[in-house]
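First the structure, then my questions, so here it is.
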Amino acid sequence: MKVSGNGQGKILSQEELRRLFTEGFLSPRDRALFGICLFTGCRVSEALALKKTDI
């Protein structure tokens, strides 16, 4: 996660990730999108371009 939009990225802690999945993302779509990006390292635009057959 970038701090102030530039510079060195910040690594999220386990607690921050837990809070994002439980409190931050309210829709299953957002949780799935973030999870794909988190665990594969792809960008949001790449994750949005995925089709069911790609997975």
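With log10 I(q)/I(0) by the Debye sum over Cα atoms at q = 0.22, 0.28, 0.32 Å⁻¹ defined as stated, name the option among [x] -0.84, -1.18, -1.37; [y] -0.82, -1.05, -1.16; [z] -0.98, -1.22, -1.26 computed from the structure displayed.
Of the listed options [x] -0.84, -1.18, -1.37; [y] -0.82, -1.05, -1.16; [z] -0.98, -1.22, -1.26, [z] comes from this structure.
Determine, from the Cβ-Cβ distance of Gln14 and Ser45 and an R0 of 30 Å, the FRET efficiency 1/(1 + (r/R0)^6), rounded to the nearest 0.05.
Numbers: r = 27 Å, r/R0 = 0.89.
Once rounded, the FRET efficiency stands at 0.65.
Another one. Could you look at the chain and say what percent of its accessible area is carbon and sulfur, using a 1.4 Å probe and all protein chains?
Details: 2830 of 4710 Å².
Of all accessible area on the chain, carbon and sulfur atoms account for 60 percent.
The values are calculated or read from the model by the stated rules, or taken from the named source; none is laboratory data. Bear in mind the structure is a predicted one, so any value in this text is a computation, not a measurement. Don't worry about glycine lacking a Cβ; one is built from the backbone with ideal geometry, like all the others, and counts go over all protein chains shown. To get the accessible areas, we keep the full protein, side chains included, count just its heavy atoms, and leave off ligands, DNA and RNA. Shrake-Rupley method; radii C 1.70, N 1.55, O 1.52, S 1.80 Å.
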